[in-house]
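Okay, structure first, notes after.
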Amino acid sequence: MRINVDAVPDSPDFPDSVDVIVIGGGIIGTSVTYELAKRGVSVALFEKGVIGGEQSGRNWGWVRQQNRDIYELPVAIRSLQRWEALGAETGRDLGFRRTGILYGTTSEADLAKWEAWGEKARFAGFESHLLSAKEAGERIAGETAWKGGVWSPTDGRAEPSKAAPALALGAQKLGAYVHQRCAVRGLDIAAGKVAGVWTEHGRVKAGRVICCGGAWSSRFCKRYGIELPSANILGTAFKTTQAPEVIKGCLSMPDLAIRRRLDGSYTVAVPGRGTLDLAPQNLRHATRFYPMYRSKIAKKLKFRLNRAFFSGPEASGSWKTDGISPFEKSRVLDPAPDSTLLNDAIKRLEREFPALKGIAIDYAWAGWIDTTPDLVPVIDEIQAIPGLIIASGFSGHGFGIGPGAGSFVPSWLPMKNSIPTSRPIA
């Protein structure tokens, strides 16, 4: 892989029966699994590749409440509470630090938007600080003449390479089963309700299945006639070499977003820039995304036609539960980064911060961001198939709000807390 994530060992036994099955070992799936295990629920997590191997290990590492959709803000606030507690609960460092998040702008329109957002956010219990041009210049020691900014001191950062693995290990310690390179091929449905799943290692019984498959969720749902509008957008980021500290936490400015890492390097990305494949799934949902495609967001997107039309999370086609599934054919989505973005970002970084002259790219990566038309995630039970819950479409916000969503999902699931059964893996 083009990224490094902490290793997680598989559980020694394979379950025959549990109360809840979680599909997907990203930040959402591991958070849900941990919170269920903490409540004493018998739960099994199945990941087709490795824990944190896709977008949850490839994101910017921002943990923010600032500038969230107002409907999403309560989950973000809850998430910051969980981020702060999870290190002590699991006994592992997730890389979380409350170092604040800073935005700088050269646009009066941005300032007006942030001020209006801040007034709404105060009703949800979140407070940030609008910065004058002088205050923004003092906080951002760069070359740009800023019009102003916004500062959220209670926001923070975490390490994508550590977070999902730490939660998976914490869940295992509480009795959860965790199995990697074990794709869920499909649902086991009896009398119209979820009765379990079919994995590549056999059937596992469960009364509840929570799909946290990220970029793969829409294709999995389509197999059961469930339309989950999702467009997977390819984003690029990179890790720099170690360099002087110009920001303690996270900084967003026009055409650049940076995060200080624990090892003294930076994670760097270009906000809003990405690539969208013209594949069956994206074309099928095109009308729902039309307003977004017409907006300024689309102006930063590239569109392409490639082999994703025939394979991968956006392709069409069915498969059998007793044969190889698309999820086994692509264990880890590991796309190549956009070299143009890399070159532009490193030059922009050096221009803005003379202290970083000579900084270089250590390594770069790309990842698929599952995006909904309104950029707000879907967390709901599917009424047509009782027992199936979807927690997906986090639109690039999943890492930051994942622990909040993870604590929310179990709170409205009635559980019987049965005794799980298991067997050795053949």
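The values are calculated or read from the model by the stated rules, or taken from the named source; none is laboratory data. Predicted model, so just to flag it, every value in this text is computed and none were measured. All Cβ positions, glycine included, derive from the backbone under ideal geometry; neighbour counts span all protein chains shown. Accessible surface is based on the protein model in full, side chains and every heavy atom, while ligands, DNA and RNA are left aside. Shrake-Rupley method; radii C 1.70, N 1.55, O 1.52, S 1.80 Å.
Where residues in segment 297-311 are small (Gly, Ala, Ser) and out of contact with any strand residue (DSSP E or B) (no Cβ under 8 Å at 6 or more places or on another chain), which of them is modelled with the highest pLDDT? Steps first, please.
Taking segment 297-311 and keeping what is small (Gly, Ala, Ser), we get 298, 308, 311.
Subsequent filtering for residues that are out of contact with any strand residue (DSSP E or B) (no Cβ under 8 Å at 6 or more places or on another chain) retains 298, 311.
Working: ALA298: 58, SER311: 86.
If we take residues in segment 297-311 being small (Gly, Ala, Ser) and out of contact with any strand residue (DSSP E or B) (no Cβ under 8 Å at 6 or more places or on another chain), then SER311 is modelled with the highest pLDDT.
What's the number of the condition GLU200 fails, among (1) at pLDDT 95 or above; (2) farther than 25 Å from SER392 by Cβ?
The failed condition is (2).
Select from segment 253-283 the residues that are basic (Lys, Arg) and under 15 Å from ASP370 (Cα atoms) and list them in ascending order.
ARG273
Among the residues of segment 246-255, write down those that are surrounded by fewer than 21 Cβ atoms within 10 Å (Cβ to Cβ) and closer than 13 Å to ILE140 by Cβ. Write out each step before concluding.
Going through segment 246-255, the residues surrounded by fewer than 21 Cβ atoms within 10 Å (Cβ to Cβ) turn out to be 246-248, 254-255.
Residues satisfying the conditions are VAL246, ILE247, LYS248, PRO254.
For segment 91-113, how many residues are open to solvent by 20 Å² or more (accessible area, probe 1.4 Å) and either hydrophobic (A, V, I, L, M, F, W, C) or within 19 Å of ALA145 (Cα to Cα) (or both)?
The first filter runs over segment 91-113 and keeps only residues open to solvent by 20 Å² or more (accessible area, probe 1.4 Å), leaving 91-93, 96-99, 103, 106-113.
Now drop any that are not either hydrophobic (A, V, I, L, M, F, W, C) or within 19 Å of ALA145 (Cα to Cα) (or both), which leaves 96, 103, 106-112.
Number satisfying all stated conditions: 9.
How about segment 191-205: which of its residues are small (Gly, Ala, Ser), open to solvent by 10 Å² or more (accessible area, probe 1.4 Å) and touching a strand residue (DSSP E or B) at 6+ places or on another chain (Cβ under 6 Å)?
The initial filter retains those residues of segment 191-205 that are small (Gly, Ala, Ser), namely 191-192, 195-196, 202.
Now restrict to residues that are open to solvent by 10 Å² or more (accessible area, probe 1.4 Å): 191-192, 195, 202.
The answer is ALA195, and nothing else.
Would you mind finding the one in HIS179, HIS129 that is more than 17 Å from CYS250 (Cα to Cα) and out of contact with any Lys or Arg (no Cβ under 6 Å at 6 or more places or on another chain)?
Values: HIS129 fails: more than 17 Å from CYS250 (Cα to Cα).
Of HIS179, HIS129, the one residue that is more than 17 Å from CYS250 (Cα to Cα) and out of contact with any Lys or Arg (no Cβ under 6 Å at 6 or more places or on another chain) is HIS179.
Across segment 44-84, which residue is modelled with the lowest pLDDT among those that are closer than 30 Å to ALA116 by Cβ and among the aliphatic types (A, V, I, L, M)?
ILE70
Under 21 Å from ARG64 (Cβ atoms) and open to solvent by 30 Å² or more (accessible area, probe 1.4 Å): does that describe ASP374? Before the answer, list the steps.
Details: under 21 Å from ARG64 (Cβ atoms): yes; open to solvent by 30 Å² or more (accessible area, probe 1.4 Å): yes.
Taking the combined requirement at face value, the residue satisfies it.
I'm told LEU349 meets every condition in (1) outside any loop (DSSP other than H, G, I, E, B); (2) closer than 25 Å to LEU256 by Cα; (3) open to solvent by 40 Å² or more (accessible area, probe 1.4 Å); (4) of a type outside the set (Ser, Thr, Tyr) except one. Can you identify the failing condition by its number?
Failed condition: (3).
Report those strands (runs of 3 or more DSSP E) wholly inside segment 203-318 carrying at least 3 residues which are more than 30 Å from PHE14 (Cα to Cα), of a type in the set (S, T, N, Q) and out of contact with any His (no Cβ under 9 Å at 6 or more places or on another chain).
Values: elements: 208-211, 231-240, 250-253, 256-260, 266-269, 274-277, 301-304.
Answer list for segment 203-318: 231-240.
Can you tell me which residue within segment 228-244, out of those that are touching a strand residue (DSSP E or B) at 6+ places or on another chain (Cβ under 7 Å) and within 30 Å of PRO354 (Cβ to Cβ), is surrounded by the fewest Cβ atoms within 10 Å (Cβ to Cβ)? Give the steps one after another, and end with the answer.
Just the residues of segment 228-244 that are touching a strand residue (DSSP E or B) at 6+ places or on another chain (Cβ under 7 Å), to begin with: 228, 230-241, 243.
Still in the running and within 30 Å of PRO354 (Cβ to Cβ): 235-241, 243.
Numbers: GLY235: 25, THR236: 24, ALA237: 24, PHE238: 22, LYS239: 19, THR240: 22, THR241: 13, ALA243: 18.
Ranking the candidates gives THR241 first.
Considering only segment 312-337, state which residues are open to solvent by 60 Å² or more (accessible area, probe 1.4 Å) and of a type outside the set (A, V, I, L, M).
SER316, SER318, LYS320, ASP322, LYS329
Rundown of residues vs (1) in contact with a Ser or Thr (Cβ under 6 Å, 6 or more places away or on another chain); (2) touching a residue at least 40 places away in the same chain (Cβ under 8 Å); (3) not in a strand (DSSP E or B); (4) not charged (D, E, K, R), yes/no style:
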{"site": "SER161", "(1), (2), (3), (4)": "no, yes, yes, yes"}
{"site": "LEU169", "(1), (2), (3), (4)": "no, yes, yes, yes"}
{"site": "ARG185", "(1), (2), (3), (4)": "yes, yes, no, no"}
{"site": "ILE189", "(1), (2), (3), (4)": "no, yes, no, yes"}
{"site": "VAL197", "(1), (2), (3), (4)": "no, yes, no, yes"}
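Would you point out the residue of segment 46-86, among those that are in contact with a Phe, Trp or Tyr (Cβ under 8 Å, 6 or more places away or on another chain) and surrounded by fewer than 18 Cβ atoms within 10 Å (Cβ to Cβ), that is nearest to GLY264 (Cα to Cα)?
Within segment 46-86, the match that is nearest to GLY264 (Cα to Cα) is GLU84.
Could you list, in sequence order, all residues of segment 395-413 that are of a type in the set (A, V, I, L, M, F, W, C) and open to solvent by less than 10 Å² (accessible area, probe 1.4 Å)? Quick ask: steps written out before the conclusion?
First, the residues of segment 395-413 that are of a type in the set (A, V, I, L, M, F, W, C): 399, 401, 405, 408-409, 412-413.
If the condition is that a residue be of a type in the set (A, V, I, L, M, F, W, C) and open to solvent by less than 10 Å² (accessible area, probe 1.4 Å), then ILE401, ALA405, VAL409 are the ones that fit.
Restricting to segment 32-50, count the residues that are among the aromatic types (Phe, Trp, Tyr) and part of a loop (DSSP other than H, G, I, E, B).
Pass one, segment 32-50, residues among the aromatic types (Phe, Trp, Tyr): 34, 46.
Imposing the further condition that a residue be part of a loop (DSSP other than H, G, I, E, B) reduces the set to none.
So the count comes out to 0.
Restricting to segment 26-43, and then to whatever is open to solvent by 10 Å² or more (accessible area, probe 1.4 Å) and among the hydrophobic types (A, V, I, L, M, F, W, C), can you tell me which residue is modelled with the lowest pLDDT?
VAL41
Those residues that are open to solvent by 80 Å² or more (accessible area, probe 1.4 Å), part of a helix (DSSP H, G or I) and touching a strand residue (DSSP E or B) at 6+ places or on another chain (Cβ under 6 Å), I need them from segment 114-138; list them, please.
The one that is open to solvent by 80 Å² or more (accessible area, probe 1.4 Å), part of a helix (DSSP H, G or I) and touching a strand residue (DSSP E or B) at 6+ places or on another chain (Cβ under 6 Å): GLU115.
Checking the condition more than 25 Å from GLY186 (Cβ to Cβ) and open to solvent by 30 Å² or more (accessible area, probe 1.4 Å), which residue from ASP362, ASP380 passes? Full working, then the answer.
Working: ASP380 fails: more than 25 Å from GLY186 (Cβ to Cβ).
So the residue among ASP362, ASP380 that is more than 25 Å from GLY186 (Cβ to Cβ) and open to solvent by 30 Å² or more (accessible area, probe 1.4 Å) is ASP362.
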